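The values are calculated or read from the model by the stated rules, or taken from the named source; none is laboratory data. Bear in mind that the values here come from a model prediction, so they are computed numbers and not experimental data. Counting neighbours? That spans all protein chains shown, and the Cβs are built from the backbone with ideal geometry, glycine included.
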Amino acid sequence: MSTASDPNEIAAAWYTRYRSMRVKLALLVGALALIFVGMVWLKDKLLTIDPGKGTPIGYAVRTDHHIAVLIQTLEAYVPSPNRDHSKNTYTISLFIVPLDGGKPKLVPIKEGLSPNNYSLAKVIGSDGRALWYDVSGTGAVDLKTFKLLRPAELRDPPDPKRTSALPFGPKVEHHLAAGLFTSPTSWLGLHSTDEAARDLKPGFSLKRVRDAESAKQQRLFHRCVLSADSNARGHPIVSMEPLGDATYFNAAFLRMHDAAEPIRLTDPLGALMIFTSEPGLKGTTVMACVDMNGSVLWRTDTGIDRFALQQILPGQESTAFLGTRPREEGKVPEPLLVIVDHATGEAHTEALWR
């Protein structure tokens with residue numbers, strides 16, 4: 001009998017050992033892969049800090065159809081005992097809110113930026129086709145697709161002087177007026193009793209553009225009869241009378257800019273005013289439509305702290321307000337964008353924590 005092994009048996013045994021080694025190797029590789037994935041998951045889910053929602057930066061800009069504001073969001077990071085917070089990085093996005101109440105869009109612009117990279121970031125304005133920004137360099141978002149335009153698709157940006165992106169920011173006071181001419185010889189004003197006694201005396205003159213004072217006083221409507229003849233100081237006052245006894249704290253008429261008369265509505269015929277919901281420092285910003293006799297046609301509370309009101313962006317059909325809710329103990333005030341329709345007083349509110 002031959003003691004040599006059958007070649008077929010030798011080959012079969014070798015193949016069995018080879019297959020077993022392959023299975024063991026595959027199981028080892030799979031286990032290592034699972035360990036690696038688990039470690040990544042542990043890092044991303046358990047060890048990485050989710051910084052939460054983004055916050056608005058800079059000033060908002062109004063276009064023909066949108067309100068736009070930049071949002072900064074702290075990117076996720078792994079904490080450590082001696083972590084250098086100066087190395088935090090941020091994503092900058094453009095938050096675009098349609099004036100017609102449509103769904104807003106949050107468009108990421110750039111990632112991995114340090115605060116020094118975007119300290120001068122701003123929304124430049126719209127050329128009708130795109131919304132332009134400057135975030136470590138100029139760029140634009142297509143207003144139809146809400147996608148970033150490629151460099152080859154960019155044109156010259158709009159002139160910042162023609163937008164509301166002013167170098168030091170717009171002032172709320174620039175949009176507030178003390179009164180308006182309801183006819184060539186009639187003035188409807190918002191004045192406190194003391195202001196009326198001081199400024200609306202017969203013989204004094206009124207100009208068509210008169211700024212509202214920042215004094216925190218209860219104001220009521222006054223009507224002045226004016227002389228048809230004007231002089232260098234304006235139209236002389238013939239007589240003055242208060243209209244009713246309803247008072248409005250810190251009230252003023254709304255205008256487009258500091259050289260404009262108050263906005264006039266045609267349907268219904270009237271004007272717009274803003275006032276504070278209650279005396280003191282806890283009131284919210286209220287917008288109202290009044291007729292030419294001082295009767296309130298509608299009023300809308302924006303929910304924005306009157307003394308934390310940061311921007312007013314008026315237009316012919318609606319006005320946008322930016323600011324924060326009233327402060328509550330232990331809470332950070334929520335930033336808001338509120339758009340109020342001039343015809344109905346209906347408000348559309350968007351939180352700016354994104």
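Counting just the residues of the stretch 55-81 that are more than 30 Å from Arg129 (Cβ to Cβ) and in a strand (DSSP E or B), which one comes out modelled with the lowest pLDDT?
Tyr77
Could you say which residue among Thr193, Thr182, Thr163 is modelled with pLDDT of 95 or more, closer than 24 Å to Pro314 by Cβ and of a type outside the set (A, V, I, L, M, F, W, C)?
Criteria check complete, one pass: Thr182.
Consider Val332 against the criteria (1) within 18 Å of the chain's Cα centre (by Cα); (2) touching a residue at least 12 places away in the same chain (Cβ under 8 Å): it satisfies all of them except one. Which criterion is unmet?
All conditions are met except number (2).
With respect to Ser126, is the statement that it is assigned by TED's automatic domain parsing to the domain that holds Pro157 and over 20 Å from the mean Cα position of the chain (by Cα) true?
Considered against the rule, which asks whether it is assigned by TED's automatic domain parsing to the domain that holds Pro157 and over 20 Å from the mean Cα position of the chain (by Cα), Ser126 comes out as no.
Suppose we keep only residues that are touching a residue at least 40 places away in the same chain (Cβ under 8 Å) and not β-branched (Val, Ile, Thr) within the stretch 128-147. Which one would you say is surrounded by the most Cβ atoms within 10 Å (Cβ to Cβ)?
Tyr133
So which strands (runs of 3 or more DSSP E) stay within the stretch 250-354 end to end and still have 1 or more residues that are small (Gly, Ala, Ser)?
Correct list: 269-276, 284-290, 296-305, 318-324, 347-351.
It is to be established whether one or more residues within the stretch 249-256 are within 21 Å of His191 (Cα to Cα) and surrounded by fewer than 19 Cβ atoms within 10 Å (Cβ to Cβ).
Checked the stretch 249-256: at least one residue is within 21 Å of His191 (Cα to Cα) and surrounded by fewer than 19 Cβ atoms within 10 Å (Cβ to Cβ).
Going through Gly101, Gly112, Gly52 one at a time, which residue ends up being of a type outside the set (Lys, Arg), part of a strand (DSSP E or B) and at positive phi?
Only one candidate passes the filter, namely Gly112.
Find the residue count for the stretch 91-103, including only residues that are under 27 Å from Gly315 (Cα atoms) and surrounded by fewer than 17 Cβ atoms within 10 Å (Cβ to Cβ).
5
State which residue is nearest to Pro236 (Cα to Cα) when the search covers only the stretch 177-194 and only residues that are out of contact with any strand residue (DSSP E or B) (no Cβ under 7 Å at 6 or more places or on another chain) and of a type in the set (Ser, Thr, Tyr).
Only one residue fits best here, namely Ser183.
Return the total of residues in the stretch 118-158 being in contact with a Pro (Cβ under 9 Å, 6 or more places away or on another chain), closer than 13 Å to His66 by Cα and among the acidic types (Asp, Glu).
Looking only at that region, the number is 1.
Inspect the stretch 72-92 for any residue being within 23 Å of Leu336 (Cβ to Cβ) and charged (D, E, K, R) and give the result as yes or no.
No, there is no match, as no residue in the stretch 72-92 is within 23 Å of Leu336 (Cβ to Cβ) and charged (D, E, K, R).
Pairs please, first residue from the stretch 148-159 and within 16 Å of Pro108 (Cα to Cα), second anywhere and among the aromatic types (Phe, Trp, Tyr) and loosely packed, with under 10 Cβ neighbours inside 10 Å, Cβ atoms under 6 Å, 6+ apart in sequence or on different chains.
Listed by first residue and then by second, the contacts come to nothing, as the list is empty.
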